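Here the structure comes first, spelled out in C-alpha coordinates, and everything after it is commentary.
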Amino acid sequence: MAVVLLPGLLATESGGQKRLEVEAATVGEALRALPVGDLVLDEHGEIRSLVHVYVDGERTRDLAASVSATAQIRIVAAIAGG
Amino acid sequence: MGVLLLVGTRKGLFLIRGDDERRSFEVEGPLLPGWEVKHAIADPRDGSLYACANSWVYGGTVQRSTDLGKTWTRSEGLGLPEDSELKLASTWHLEPGHESQPGTLWLGGEPGVLFRTDDSGASWQVNEALLGHATRDRWSPGAGGLITHSITLDRDDPQLLWIGISAAGVFRSEDGGGSWHPRNQGTEACFFPEDRFPELGQCVHKVLAHPGRPGRLWQQNHCGVYRSDDGGDSWAALHQNGLPSEFGFGLALDPADPDTAFVVPEEGAENRVTCDGRLGIYRTTDAGASWELIVAEEPAWAAVLREGMSFDEEAVYVGAQSGHLYALRHGEVVRATEHLPPILSVEAAALQ
(Lines give C-alpha, C1' and ligand atoms only; values in the text may rest on other atoms or scores of the structure.)
Protein backbone atom coordinates (compact mmCIF):
# COMPACT_ATOMS: atom_id res chain seq x y z
CA MET A 1 0.00 0.00 0.00
CA ALA A 2 1.31 3.47 -0.87
CA VAL A 3 1.28 6.04 1.90
CA VAL A 4 -0.08 9.56 1.30
CA LEU A 5 0.86 12.39 3.67
CA LEU A 6 -1.57 15.31 3.83
CA PRO A 7 -1.03 18.93 4.88
CA GLY A 8 -3.21 20.52 7.57
CA LEU A 9 -6.36 21.61 5.76
CA LEU A 10 -6.57 18.39 3.75
CA ALA A 11 -6.04 16.38 6.92
CA THR A 12 -8.92 18.26 8.56
CA GLU A 13 -11.12 17.53 5.56
CA SER A 14 -10.12 13.85 5.85
CA GLY A 15 -11.46 13.59 9.36
CA GLY A 16 -8.15 14.46 11.01
CA GLN A 17 -6.05 11.87 9.19
CA LYS A 18 -2.61 13.13 8.20
CA ARG A 19 -1.49 9.76 6.84
CA LEU A 20 -3.54 7.54 4.58
CA GLU A 21 -2.80 4.24 2.91
CA VAL A 22 -4.11 3.74 -0.60
CA GLU A 23 -4.09 0.90 -3.11
CA ALA A 24 -2.74 2.52 -6.27
CA ALA A 25 -0.50 1.75 -9.22
CA THR A 26 -0.19 5.34 -10.40
CA VAL A 27 -0.07 8.84 -8.95
CA GLY A 28 -3.50 9.53 -10.41
CA GLU A 29 -5.04 6.44 -8.83
CA ALA A 30 -3.56 7.40 -5.47
CA LEU A 31 -4.89 10.96 -5.58
CA ARG A 32 -8.33 9.93 -6.81
CA ALA A 33 -8.58 7.41 -3.97
CA LEU A 34 -8.27 10.13 -1.34
CA PRO A 35 -11.33 11.47 0.50
CA VAL A 36 -10.03 14.89 -0.56
CA GLY A 37 -9.40 13.90 -4.17
CA ASP A 38 -11.71 16.70 -5.33
CA LEU A 39 -9.54 19.27 -3.51
CA VAL A 40 -6.25 17.95 -4.89
CA LEU A 41 -7.59 17.46 -8.42
CA ASP A 42 -9.89 19.85 -10.25
CA GLU A 43 -13.14 18.82 -11.92
CA HIS A 44 -11.27 17.88 -15.10
CA GLY A 45 -9.03 15.51 -13.18
CA GLU A 46 -5.89 17.65 -13.28
CA ILE A 47 -3.69 18.48 -10.28
CA ARG A 48 -4.62 21.97 -9.08
CA SER A 49 -1.98 24.49 -10.01
CA LEU A 50 -0.99 25.33 -6.42
CA VAL A 51 -0.88 21.72 -5.24
CA HIS A 52 2.53 20.04 -5.34
CA VAL A 53 2.90 16.26 -5.29
CA TYR A 54 6.12 14.50 -4.30
CA VAL A 55 6.65 10.76 -4.77
CA ASP A 56 9.55 9.46 -2.66
CA GLY A 57 10.94 12.98 -2.59
CA GLU A 58 10.63 13.67 -6.31
CA ARG A 59 8.14 16.27 -7.46
CA THR A 60 5.77 15.16 -10.21
CA ARG A 61 2.64 16.31 -12.00
CA ASP A 62 2.41 13.15 -14.08
CA LEU A 63 -0.77 11.37 -13.07
CA ALA A 64 0.24 8.32 -15.10
CA ALA A 65 3.55 7.90 -13.29
CA SER A 66 3.72 4.55 -11.54
CA VAL A 67 4.07 4.26 -7.80
CA SER A 68 5.45 1.29 -5.91
CA ALA A 69 3.63 -0.54 -3.14
CA THR A 70 5.95 1.13 -0.65
CA ALA A 71 5.88 4.63 -2.14
CA GLN A 72 5.46 7.70 0.05
CA ILE A 73 3.40 10.42 -1.62
CA ARG A 74 3.55 13.81 0.04
CA ILE A 75 1.10 16.59 -0.88
CA VAL A 76 2.27 20.13 -0.28
CA ALA A 77 0.37 23.39 -0.66
CA ALA A 78 2.34 25.94 -2.66
CA ILE A 79 3.58 29.07 -0.97
CA ALA A 80 0.87 31.53 -1.99
CA GLY A 81 -1.92 33.68 -0.68
CA GLY A 82 -1.73 36.00 2.30
CA MET B 1 -36.44 37.43 18.66
CA GLY B 2 -32.68 37.59 18.52
CA VAL B 3 -30.54 37.34 15.43
CA LEU B 4 -27.88 34.94 14.24
CA LEU B 5 -25.38 36.68 11.98
CA LEU B 6 -23.24 34.52 9.74
CA VAL B 7 -20.14 36.58 9.06
CA GLY B 8 -17.83 35.28 6.36
CA THR B 9 -14.26 36.51 6.53
CA ARG B 10 -10.94 35.98 4.84
CA LYS B 11 -10.06 33.72 7.77
CA GLY B 12 -13.09 31.55 8.38
CA LEU B 13 -16.69 31.94 9.47
CA PHE B 14 -17.98 33.65 12.60
CA LEU B 15 -21.40 33.17 14.18
CA ILE B 16 -22.53 36.26 16.03
CA ARG B 17 -25.64 36.17 18.15
CA GLY B 18 -27.49 39.38 18.90
CA ASP B 19 -30.19 39.98 21.49
CA ASP B 20 -33.76 41.14 20.89
CA GLU B 21 -32.73 44.81 21.02
CA ARG B 22 -29.62 44.33 18.81
CA ARG B 23 -27.49 45.92 21.55
CA SER B 24 -25.54 42.94 22.84
CA PHE B 25 -23.65 40.51 20.64
CA GLU B 26 -21.69 37.32 21.31
CA VAL B 27 -19.02 36.08 18.92
CA GLU B 28 -18.35 32.41 18.16
CA GLY B 29 -15.54 31.36 15.86
CA PRO B 30 -13.71 31.15 13.67
CA LEU B 31 -15.37 28.10 12.18
CA LEU B 32 -13.99 26.54 9.01
CA PRO B 33 -10.43 27.69 9.82
CA GLY B 34 -8.20 27.87 6.78
CA TRP B 35 -11.07 28.70 4.46
CA GLU B 36 -12.00 32.06 3.02
CA VAL B 37 -15.77 32.28 3.44
CA LYS B 38 -17.21 34.52 0.77
CA HIS B 39 -20.81 33.95 1.88
CA ALA B 40 -22.74 31.81 4.33
CA ILE B 41 -26.42 31.34 5.06
CA ALA B 42 -28.77 29.60 7.44
CA ASP B 43 -31.53 27.91 5.49
CA PRO B 44 -34.75 29.13 7.12
CA ARG B 45 -36.53 25.94 6.08
CA ASP B 46 -34.45 23.48 8.12
CA GLY B 47 -31.81 25.49 10.02
CA SER B 48 -28.85 24.05 8.10
CA LEU B 49 -25.84 26.28 7.60
CA TYR B 50 -24.17 26.51 4.21
CA ALA B 51 -20.89 28.26 3.41
CA CYS B 52 -19.04 29.21 0.25
CA ALA B 53 -15.65 28.09 1.56
CA ASN B 54 -12.77 28.90 -0.75
CA SER B 55 -9.07 28.16 -0.76
CA TRP B 56 -6.49 29.66 -3.08
CA VAL B 57 -4.90 26.21 -3.18
CA TYR B 58 -7.85 23.81 -3.13
CA GLY B 59 -10.49 25.82 -4.99
CA GLY B 60 -14.12 26.63 -4.31
CA THR B 61 -16.37 24.45 -2.19
CA VAL B 62 -19.72 24.42 -0.43
CA GLN B 63 -19.79 23.21 3.17
CA ARG B 64 -22.97 22.25 5.03
CA SER B 65 -23.57 21.91 8.76
CA THR B 66 -26.70 20.51 10.36
CA ASP B 67 -25.48 21.14 13.94
CA LEU B 68 -24.93 24.90 13.89
CA GLY B 69 -21.33 24.71 12.78
CA LYS B 70 -19.97 21.98 15.03
CA THR B 71 -19.34 19.67 12.08
CA TRP B 72 -19.30 20.29 8.34
CA THR B 73 -19.75 18.17 5.24
CA ARG B 74 -18.25 19.27 1.94
CA SER B 75 -20.33 18.94 -1.20
CA GLU B 76 -18.55 16.68 -3.64
CA GLY B 77 -18.57 16.71 -7.40
CA LEU B 78 -18.92 20.47 -7.66
CA GLY B 79 -17.44 21.54 -10.95
CA LEU B 80 -17.95 22.37 -14.59
CA PRO B 81 -18.17 19.85 -17.43
CA GLU B 82 -14.99 19.30 -19.40
CA ASP B 83 -16.57 20.20 -22.74
CA SER B 84 -17.27 23.71 -21.41
CA GLU B 85 -13.50 24.26 -21.24
CA LEU B 86 -14.18 26.17 -18.00
CA LYS B 87 -13.22 25.38 -14.45
CA LEU B 88 -14.92 26.52 -11.26
CA ALA B 89 -12.61 29.12 -9.76
CA SER B 90 -14.58 30.00 -6.62
CA THR B 91 -17.97 29.87 -4.95
CA TRP B 92 -19.63 33.21 -4.17
CA HIS B 93 -23.26 33.20 -3.15
CA LEU B 94 -25.81 30.75 -1.75
CA GLU B 95 -29.54 31.31 -1.90
CA PRO B 96 -32.25 29.07 -0.46
CA GLY B 97 -34.79 28.02 -3.07
CA HIS B 98 -38.46 28.88 -2.99
CA GLU B 99 -40.25 27.81 0.16
CA SER B 100 -42.26 25.33 -1.90
CA GLN B 101 -39.01 23.56 -2.89
CA PRO B 102 -37.38 22.18 0.28
CA GLY B 103 -33.88 20.91 -0.39
CA THR B 104 -33.42 23.25 -3.33
CA LEU B 105 -30.70 25.91 -3.18
CA TRP B 106 -28.91 28.02 -5.73
CA LEU B 107 -25.18 28.68 -5.87
CA GLY B 108 -23.36 31.37 -7.82
CA GLY B 109 -19.70 31.17 -8.68
CA GLU B 110 -16.83 32.15 -10.90
CA PRO B 111 -16.63 32.22 -13.94
CA GLY B 112 -20.20 33.51 -14.25
CA VAL B 113 -21.84 30.20 -13.41
CA LEU B 114 -24.87 29.01 -11.48
CA PHE B 115 -25.63 25.69 -9.82
CA ARG B 116 -28.73 24.17 -8.27
CA THR B 117 -29.14 21.43 -5.72
CA ASP B 118 -32.35 19.59 -4.96
CA ASP B 119 -30.88 17.40 -2.21
CA SER B 120 -29.67 20.01 0.28
CA GLY B 121 -26.21 20.28 -1.20
CA ALA B 122 -25.32 16.61 -1.50
CA SER B 123 -25.03 17.15 -5.25
CA TRP B 124 -25.09 20.20 -7.49
CA GLN B 125 -26.08 20.54 -11.14
CA VAL B 126 -24.68 23.31 -13.26
CA ASN B 127 -27.25 25.55 -14.93
CA GLU B 128 -26.71 24.74 -18.59
CA ALA B 129 -28.70 27.70 -19.89
CA LEU B 130 -26.34 30.16 -18.24
CA LEU B 131 -23.20 28.13 -18.89
CA GLY B 132 -23.91 28.09 -22.62
CA HIS B 133 -25.54 31.53 -22.82
CA ALA B 134 -25.31 33.02 -26.28
CA THR B 135 -23.92 36.30 -24.94
CA ARG B 136 -21.19 34.78 -22.73
CA ASP B 137 -18.40 35.99 -25.04
CA ARG B 138 -19.55 39.57 -24.31
CA TRP B 139 -19.14 39.24 -20.54
CA SER B 140 -16.05 40.74 -18.87
CA PRO B 141 -14.61 39.96 -15.44
CA GLY B 142 -14.57 42.70 -12.82
CA ALA B 143 -11.97 43.12 -10.10
CA GLY B 144 -13.42 40.12 -8.23
CA GLY B 145 -13.50 37.99 -11.36
CA LEU B 146 -16.41 37.02 -13.58
CA ILE B 147 -18.73 36.22 -10.71
CA THR B 148 -22.36 35.31 -10.23
CA HIS B 149 -22.82 37.09 -6.92
CA SER B 150 -26.52 37.89 -6.70
CA ILE B 151 -29.39 35.42 -6.79
CA THR B 152 -32.77 36.77 -5.77
CA LEU B 153 -36.14 35.05 -5.97
CA ASP B 154 -39.68 36.20 -6.41
CA ARG B 155 -41.63 35.53 -3.23
CA ASP B 156 -44.65 34.03 -4.96
CA ASP B 157 -43.58 32.47 -8.25
CA PRO B 158 -40.93 29.71 -7.89
CA GLN B 159 -40.15 29.97 -11.60
CA LEU B 160 -39.20 33.65 -11.41
CA LEU B 161 -35.71 34.70 -10.32
CA TRP B 162 -32.95 37.15 -11.11
CA ILE B 163 -29.17 36.88 -11.02
CA GLY B 164 -26.41 39.50 -11.13
CA ILE B 165 -23.06 38.85 -12.80
CA SER B 166 -20.08 41.19 -12.79
CA ALA B 167 -19.69 42.31 -15.44
CA ALA B 168 -22.47 40.95 -17.52
CA GLY B 169 -25.45 42.56 -15.82
CA VAL B 170 -28.80 41.43 -14.47
CA PHE B 171 -30.51 38.40 -16.02
CA ARG B 172 -34.08 37.21 -15.40
CA SER B 173 -35.51 33.75 -15.71
CA GLU B 174 -39.24 33.10 -15.87
CA ASP B 175 -38.90 29.35 -16.19
CA GLY B 176 -36.91 28.33 -13.13
CA GLY B 177 -33.54 28.81 -14.78
CA GLY B 178 -34.40 27.15 -18.08
CA SER B 179 -33.53 30.38 -19.92
CA TRP B 180 -31.99 33.73 -19.00
CA HIS B 181 -32.67 37.15 -20.46
CA PRO B 182 -30.63 40.35 -19.91
CA ARG B 183 -32.59 42.98 -17.97
CA ASN B 184 -30.43 46.10 -17.93
CA GLN B 185 -32.43 48.79 -19.71
CA GLY B 186 -31.68 52.12 -18.05
CA THR B 187 -28.56 51.01 -16.17
CA GLU B 188 -25.33 52.58 -17.30
CA ALA B 189 -22.04 50.96 -18.25
CA CYS B 190 -20.05 54.13 -17.54
CA PHE B 191 -16.75 52.39 -18.25
CA PHE B 192 -17.61 51.81 -21.91
CA PRO B 193 -16.23 54.52 -24.20
CA GLU B 194 -19.20 54.63 -26.60
CA ASP B 195 -22.43 52.73 -26.01
CA ARG B 196 -23.07 53.41 -22.33
CA PHE B 197 -26.48 51.79 -22.22
CA PRO B 198 -25.95 48.41 -23.88
CA GLU B 199 -28.18 45.36 -23.64
CA LEU B 200 -25.66 43.77 -21.28
CA GLY B 201 -22.15 44.15 -19.93
CA GLN B 202 -23.14 46.35 -17.00
CA CYS B 203 -21.28 45.85 -13.76
CA VAL B 204 -24.03 45.11 -11.27
CA HIS B 205 -22.60 44.88 -7.76
CA LYS B 206 -25.71 43.63 -5.94
CA VAL B 207 -29.33 43.14 -6.92
CA LEU B 208 -32.18 42.32 -4.52
CA ALA B 209 -35.87 41.70 -5.08
CA HIS B 210 -38.05 43.20 -2.37
CA PRO B 211 -39.75 40.33 -0.53
CA GLY B 212 -43.01 42.24 -0.09
CA ARG B 213 -43.69 43.92 -3.42
CA PRO B 214 -43.66 41.76 -6.56
CA GLY B 215 -41.63 43.28 -9.37
CA ARG B 216 -39.67 45.74 -7.23
CA LEU B 217 -35.91 45.33 -7.52
CA TRP B 218 -33.08 47.40 -6.09
CA GLN B 219 -29.60 47.49 -7.53
CA GLN B 220 -26.24 48.88 -6.45
CA ASN B 221 -24.17 49.08 -9.57
CA HIS B 222 -20.63 50.13 -10.47
CA CYS B 223 -22.22 53.18 -12.10
CA GLY B 224 -25.17 54.00 -9.88
CA VAL B 225 -28.05 52.98 -7.64
CA TYR B 226 -31.21 51.88 -9.43
CA ARG B 227 -34.75 50.72 -8.79
CA SER B 228 -37.08 48.74 -10.99
CA ASP B 229 -40.83 48.39 -10.51
CA ASP B 230 -41.40 46.04 -13.42
CA GLY B 231 -39.22 43.07 -12.62
CA GLY B 232 -36.15 44.54 -14.29
CA ASP B 233 -37.71 45.51 -17.61
CA SER B 234 -36.63 49.09 -16.90
CA TRP B 235 -34.51 50.77 -14.27
CA ALA B 236 -34.60 54.29 -12.78
CA ALA B 237 -31.40 55.97 -11.58
CA LEU B 238 -31.49 57.12 -7.95
CA HIS B 239 -27.93 58.16 -7.20
CA GLN B 240 -28.34 61.82 -8.17
CA ASN B 241 -30.83 62.30 -5.35
CA GLY B 242 -28.40 63.01 -2.53
CA LEU B 243 -25.84 60.25 -2.59
CA PRO B 244 -22.20 61.42 -2.58
CA SER B 245 -21.18 58.86 -5.17
CA GLU B 246 -22.70 56.45 -7.64
CA PHE B 247 -20.22 53.76 -6.61
CA GLY B 248 -20.68 51.15 -3.89
CA PHE B 249 -21.24 47.48 -3.29
CA GLY B 250 -23.54 46.62 -0.41
CA LEU B 251 -27.32 46.97 -0.41
CA ALA B 252 -29.96 46.29 2.23
CA LEU B 253 -33.74 46.55 2.27
CA ASP B 254 -36.53 46.80 4.81
CA PRO B 255 -38.83 43.79 4.45
CA ALA B 256 -41.75 45.79 5.88
CA ASP B 257 -41.32 48.80 3.55
CA PRO B 258 -40.54 48.41 -0.15
CA ASP B 259 -39.68 52.13 -0.38
CA THR B 260 -36.79 51.86 2.10
CA ALA B 261 -33.23 50.87 1.14
CA PHE B 262 -29.71 51.31 2.50
CA VAL B 263 -26.38 51.72 0.67
CA VAL B 264 -22.80 52.58 1.61
CA PRO B 265 -21.34 54.77 -1.14
CA GLU B 266 -17.63 54.62 -1.90
CA GLU B 267 -15.35 57.21 -3.48
CA GLY B 268 -15.21 55.42 -6.82
CA ALA B 269 -13.85 52.53 -8.81
CA GLU B 270 -10.25 53.72 -8.46
CA ASN B 271 -10.49 54.45 -4.72
CA ARG B 272 -12.74 51.87 -3.11
CA VAL B 273 -13.19 53.37 0.33
CA THR B 274 -16.24 54.97 1.86
CA CYS B 275 -16.86 58.62 1.06
CA ASP B 276 -15.52 61.45 3.21
CA GLY B 277 -13.36 59.30 5.48
CA ARG B 278 -16.19 57.79 7.46
CA LEU B 279 -18.49 54.82 7.33
CA GLY B 280 -21.61 56.49 6.04
CA ILE B 281 -24.78 54.46 5.66
CA TYR B 282 -27.34 56.21 3.45
CA ARG B 283 -31.03 55.47 3.77
CA THR B 284 -33.98 56.29 1.59
CA THR B 285 -37.56 55.95 2.76
CA ASP B 286 -39.16 57.36 -0.39
CA ALA B 287 -38.09 54.80 -2.99
CA GLY B 288 -34.87 56.63 -3.78
CA ALA B 289 -36.26 60.15 -4.30
CA SER B 290 -33.97 61.31 -1.48
CA TRP B 291 -31.29 59.87 0.79
CA GLU B 292 -30.22 60.70 4.35
CA LEU B 293 -26.85 60.04 5.94
CA ILE B 294 -26.48 57.93 9.05
CA VAL B 295 -22.89 57.90 10.25
CA ALA B 296 -21.69 54.72 11.89
CA GLU B 297 -18.13 55.78 12.50
CA GLU B 298 -16.25 59.04 12.12
CA PRO B 299 -13.48 59.33 11.30
CA ALA B 300 -12.82 55.89 9.96
CA TRP B 301 -11.40 54.24 6.95
CA ALA B 302 -13.85 51.65 5.75
CA ALA B 303 -14.93 49.59 2.80
CA VAL B 304 -17.96 47.33 2.57
CA LEU B 305 -18.05 44.51 0.05
CA ARG B 306 -21.02 43.36 -2.01
CA GLU B 307 -22.06 40.69 0.49
CA GLY B 308 -21.23 42.91 3.46
CA MET B 309 -24.78 44.05 4.24
CA SER B 310 -27.82 42.13 5.44
CA PHE B 311 -31.12 42.84 7.13
CA ASP B 312 -34.04 41.37 9.00
CA GLU B 313 -37.31 42.77 10.37
CA GLU B 314 -35.45 44.60 13.14
CA ALA B 315 -32.20 45.98 11.78
CA VAL B 316 -29.63 46.37 9.04
CA TYR B 317 -26.18 44.84 9.52
CA VAL B 318 -22.99 46.18 7.95
CA GLY B 319 -19.65 44.40 8.01
CA ALA B 320 -16.50 46.21 6.88
CA GLN B 321 -13.16 45.08 5.57
CA SER B 322 -11.65 46.65 8.69
CA GLY B 323 -13.26 43.82 10.71
CA HIS B 324 -15.95 46.00 12.29
CA LEU B 325 -19.58 44.91 12.35
CA TYR B 326 -22.45 47.34 12.96
CA ALA B 327 -26.16 46.98 13.60
CA LEU B 328 -28.45 49.84 12.58
CA ARG B 329 -31.86 49.81 14.30
CA HIS B 330 -34.36 52.65 14.43
CA GLY B 331 -31.69 55.06 13.18
CA GLU B 332 -29.25 54.13 15.94
CA VAL B 333 -25.95 52.43 15.18
CA VAL B 334 -24.43 49.85 17.54
CA ARG B 335 -20.93 48.48 17.06
CA ALA B 336 -21.61 44.76 17.33
CA THR B 337 -17.98 43.70 17.28
CA GLU B 338 -14.55 44.62 15.98
CA HIS B 339 -11.19 42.98 15.36
CA LEU B 340 -12.63 40.34 13.07
CA PRO B 341 -10.62 39.45 9.98
CA PRO B 342 -11.64 41.40 6.86
CA ILE B 343 -15.38 40.82 6.51
CA LEU B 344 -16.51 39.43 3.17
CA SER B 345 -20.15 38.74 3.92
CA VAL B 346 -22.92 39.18 6.46
CA GLU B 347 -26.17 37.24 6.49
CA ALA B 348 -28.90 37.55 9.12
CA ALA B 349 -31.01 34.63 10.28
CA ALA B 350 -33.51 34.09 13.04
CA LEU B 351 -31.69 33.01 16.19
CA GLN B 352 -31.94 29.28 16.80
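Could you pull out the residue among B:LEU328, B:LEU340 that is over 27 Å from B:ALA167 (Cα atoms), outside any strand (DSSP E or B) and open to solvent by less than 50 Å² (accessible area, probe 1.4 Å)?
B:LEU340
Could you pull out the residue among B:LEU253, B:LEU243, B:LEU293 that is part of a loop (DSSP other than H, G, I, E, B) and farther than 24 Å from B:GLU199 by Cα?
From the options B:LEU253, B:LEU243, B:LEU293, the qualifying one is B:LEU243.
Quick grid of which residues meet (1) part of a loop (DSSP other than H, G, I, E, B); (2) under 20 Å from B:ALA40 (Cα atoms); (3) at pLDDT 95 or above:
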position: B:ARG116; (1), (2), (3): no, yes, yes
position: B:GLY121; (1), (2), (3): yes, yes, yes
position: B:GLN159; (1), (2), (3): yes, no, yes
position: B:ILE165; (1), (2), (3): no, yes, yes
position: B:ARG172; (1), (2), (3): no, no, yes
position: B:GLY178; (1), (2), (3): yes, no, yes
position: B:ALA189; (1), (2), (3): yes, no, yes
position: B:GLY201; (1), (2), (3): yes, no, yes
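Only one of these conditions is not met by B:ALA300: (1) open to solvent by less than 20 Å² (accessible area, probe 1.4 Å); (2) without any contact (Cβ under 8 Å) to a residue 40 or more places away in the chain. Which number is it?
The single condition B:ALA300 does not satisfy is (1).
Quick one: how many residues across the stretch B:264-292 are at pLDDT below 95, open to solvent by 60 Å² or more (accessible area, probe 1.4 Å) and in contact with a strand residue (DSSP E or B) (Cβ under 6 Å, 6 or more places away or on another chain)?
So the answer is 2.
When you go through B:GLU246, B:GLU266, B:GLU270 one by one, which is the residue that is touching a Phe, Trp or Tyr at 6+ places or on another chain (Cβ under 8 Å) and among the charged types (D, E, K, R)?
Selected residue: B:GLU266, the only one of B:GLU246, B:GLU266, B:GLU270 that is touching a Phe, Trp or Tyr at 6+ places or on another chain (Cβ under 8 Å) and among the charged types (D, E, K, R).
Which of the residues spanning the stretch A:1-19 are crowded, with 21+ Cβ neighbours inside 10 Å and under 15 Å from A:TYR54 (Cβ atoms)?
A:ALA2, A:VAL4, A:LEU6, A:LEU10
Regarding A:ARG48, is this residue more than 9 Å from every other protein chain (Cβ to nearest Cβ), without any contact (Cβ under 8 Å) to a residue 60 or more places away in the chain and among the basic types (Lys, Arg)?
no
Tell me yes or no: at least one residue of the stretch A:5-20 is within 21 Å of A:ALA69 (Cα to Cα) and within 12 Å of chain B (Cβ to nearest Cβ).
yes
Checking B:VAL264 against (1) part of a strand (DSSP E or B); (2) touching a helix residue (DSSP H, G or I) at 6+ places or on another chain (Cβ under 7 Å): exactly one of these is not met. Which one?
Here B:VAL264 clears every test but (2).
Among the residues of the stretch A:51-82, which ones are out of contact with any helix residue (DSSP H, G or I) (no Cβ under 9 Å at 6 or more places or on another chain), within 14 Å of another protein chain (Cβ to nearest Cβ) and at pLDDT 95 or above?
A:HIS52, A:VAL76
Here's the yes/no breakdown for (1) hydrophobic (A, V, I, L, M, F, W, C); (2) in contact with a Cys (Cβ under 9 Å, 6 or more places away or on another chain); (3) surrounded by fewer than 22 Cβ atoms within 10 Å (Cβ to Cβ); (4) in contact (Cβ under 8 Å) with a residue 60 or more places away in the chain:
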position: B:ALA53; (1), (2), (3), (4): yes, no, no, no
position: B:TYR58; (1), (2), (3), (4): no, no, no, no
position: B:ARG64; (1), (2), (3), (4): no, no, yes, no
position: B:PRO81; (1), (2), (3), (4): no, no, yes, no
position: B:LEU86; (1), (2), (3), (4): yes, no, yes, no
position: B:PRO111; (1), (2), (3), (4): no, no, yes, no
position: B:SER123; (1), (2), (3), (4): no, no, yes, no
position: B:LEU131; (1), (2), (3), (4): yes, no, yes, no
position: B:THR135; (1), (2), (3), (4): no, no, yes, yes
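Yes/no matrix, rows are residues, columns are (1) within 25 Å of B:LEU86 (Cβ to Cβ); (2) under 10 Å from the mean Cα position of the chain (by Cα):
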position: A:GLY8; (1), (2): no, no
position: A:ALA25; (1), (2): no, no
position: A:VAL36; (1), (2): yes, yes
position: A:ASP42; (1), (2): yes, no
position: A:LEU50; (1), (2): yes, no
position: A:TYR54; (1), (2): no, yes
position: A:ARG59; (1), (2): no, no
position: A:ASP62; (1), (2): yes, no
position: A:SER66; (1), (2): no, no
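Quick one: B:GLY77 ticks every box in (1) at the interface with chain A (Cβ under 9 Å from one of its Cβ atoms); (2) open to solvent by less than 40 Å² (accessible area, probe 1.4 Å); (3) among the small types (Gly, Ala, Ser); (4) over 23 Å from B:SER166 (Cα atoms) bar one, so which box is it?
Of (1) at the interface with chain A (Cβ under 9 Å from one of its Cβ atoms); (2) open to solvent by less than 40 Å² (accessible area, probe 1.4 Å); (3) among the small types (Gly, Ala, Ser); (4) over 23 Å from B:SER166 (Cα atoms), only one is false for B:GLY77: (2).
Are any residues in the stretch A:23-33 open to solvent by 10 Å² or more (accessible area, probe 1.4 Å) and either closer than 26 Å to B:VAL62 by Cβ or within 14 Å of chain B (Cβ to nearest Cβ) (or both), and if so, which ones?
A:ARG32, A:ALA33 - these are the residues of the stretch A:23-33 that are open to solvent by 10 Å² or more (accessible area, probe 1.4 Å) and either closer than 26 Å to B:VAL62 by Cβ or within 14 Å of chain B (Cβ to nearest Cβ) (or both).
B:SER322 fails exactly one of the following numbered conditions: (1) surrounded by fewer than 17 Cβ atoms within 10 Å (Cβ to Cβ); (2) of a type in the set (S, T, N, Q); (3) at pLDDT below 95. What is the number of that condition?
(1)
Among the residues of the stretch B:37-55, is there at least one that is more than 22 Å from the chain's Cα centre (by Cα), within 14 Å of another protein chain (Cβ to nearest Cβ) and either modelled with pLDDT of 95 or more or over 28 Å from A:ALA80 (Cα atoms) (or both)?
Taking the stretch B:37-55 as the starting set, the residues that turn out to be more than 22 Å from the chain's Cα centre (by Cα) are none.
Within the stretch B:37-55, not a single residue is more than 22 Å from the chain's Cα centre (by Cα), within 14 Å of another protein chain (Cβ to nearest Cβ) and either modelled with pLDDT of 95 or more or over 28 Å from A:ALA80 (Cα atoms) (or both).
The values are calculated or read from the model by the stated rules, or taken from the named source; none is laboratory data. What you see is a predicted model; the values in this text were computed from it and never measured. All Cβ positions, even for glycine, are placed from backbone atoms using ideal geometry, and neighbour counts span all protein chains on display. Ligands, DNA and RNA are stripped out before the accessible areas are found, and what is left, the full protein with its side chains, is counted by its heavy atoms. Shrake-Rupley method; radii C 1.70, N 1.55, O 1.52, S 1.80 Å.
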